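Q: One structure is given below, represented as structure tokens, and several questions about it will come after.
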Amino acid sequence: MTTSPGSDLPPSRRERRKQETRSALEEAALALFAAKGYEQTTVEEIAEASGVAVRTFFRYFSSKQHVLFGDVAHQRLARLRTELAATAVDQPPLEAVAAVLDALDLDAAEQREITRRIRLMDEQPSLIGIYLMLMNDLRQVVVDFVAERSGLPPRHPYPLLVAGAAVTSWDVALCAGTAGGQPAAAEPADVGPVGPASRIRRAAFAALTAGIPTSPPPV
């Protein structure tokens, strides 16, 4: 395996400044959402609190929703779609979804980002609608994949059940991960080292799909 020249070098000053600006925008947005509410906070206020112009905000984030859930959530959509499409065509849909979900489990840093936002949702119930929209987007990605892979219509129970299990297991893991002191779920011996939220998600998905056939029934 070859390594591209400079790949191990520390980030440049320009990259560090970009990351600092992005972090400042996120911090300002989350603080304003907590103090004023999501709907009452404007992009202009976020930019002003960060000491940057509004156009700078839009260089880093496409919307308030984007800054609310951050790249860790929005990149999941693109990665989920890409990883599912890359699975072997002869792999049963349920197995493919399970493998991709395992590959996309949150690391510790990503879990901290999401946890902070879930707790903000507890303080600002108006954010729940946006969270549900994000979960529905994730669900639709899985529905579309399973329907296409199995040759079933998207409204067929099979893709809907698999997608529902996928999203519900994510939701359970994210919400349980904010409570603290959650019981450790049993970890299969072959999954390798994963964090508590990942163990919860895997255990939940296994339980929810226990009665779903690996491949769809004949049409």
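Q: Please report, as a whole percent, how much of the solvent-accessible surface of the chain comes from carbon and sulfur atoms (probe radius 1.4 Å).
A: On the way: 6750 of 12060 Å².
Ligands and nucleic acids excluded, carbon and sulfur reach 56 percent.
Q: On to the next question. Quick one: dipole size for segment 103-170, taken about the Cα centre, charges +1 on Lys/Arg Cβ and -1 on Asp/Glu Cβ, in debye to the nearest 20.
A: 160 debye
Q: A further question on this structure: Separation of segment 73-91 and segment 122-178 by C-alpha centroid, Å?
A: 14 Å
Q: Follow-up question, since we're still on this one. Give me the accessible area of Tyr158, 1.4 Å probe, in Å² rounded to the nearest 10.
A: The accessible area of Tyr158 comes to roughly 10 Å².
Q: Using the membrane-span-like helix rule (whole DSSP H runs, Cα extent along the own axis of at least 24 Å, mean Kyte-Doolittle hydropathy at least 0.5), which helices of the chain qualify?
A: 128-150, 157-176
Q: Starting from the Cα of Ala85, step 7 Å toward the Cβ, then list every residue of segment 63-78 with an amide N under 17 Å from that point.
A: From segment 63-78, the list is 75-78.
Q: Now, a different point. So, in nm, how far is label Glu123 from label Glu48 when the simple model puts each one 7 Å beyond its Cα toward the Cβ?
A: A separation of 2.1 nm, rounded to one decimal place.
Q: Using a 1.4 angstrom probe on the protein heavy atoms only, could you order Thr214, Thr115 from most to least accessible area? Kindly include the intermediate steps, with their values, before the conclusion.
A: Values: Thr214 60, Thr115 15 Å².
Result of the area sort, largest leading: Thr214, Thr115.
The values are calculated or read from the model by the stated rules, or taken from the named source; none is laboratory data. Since the structure is predicted, the reported quantities are computational estimates derived from the model, not experimental observations. No Cβ is skipped: glycine too gets one built from the backbone with ideal geometry, and neighbour counts run over all protein chains shown. Just the protein is used for accessible areas: all its heavy atoms, side chains included, with ligands, DNA and RNA removed. Shrake-Rupley method; radii C 1.70, N 1.55, O 1.52, S 1.80 Å.
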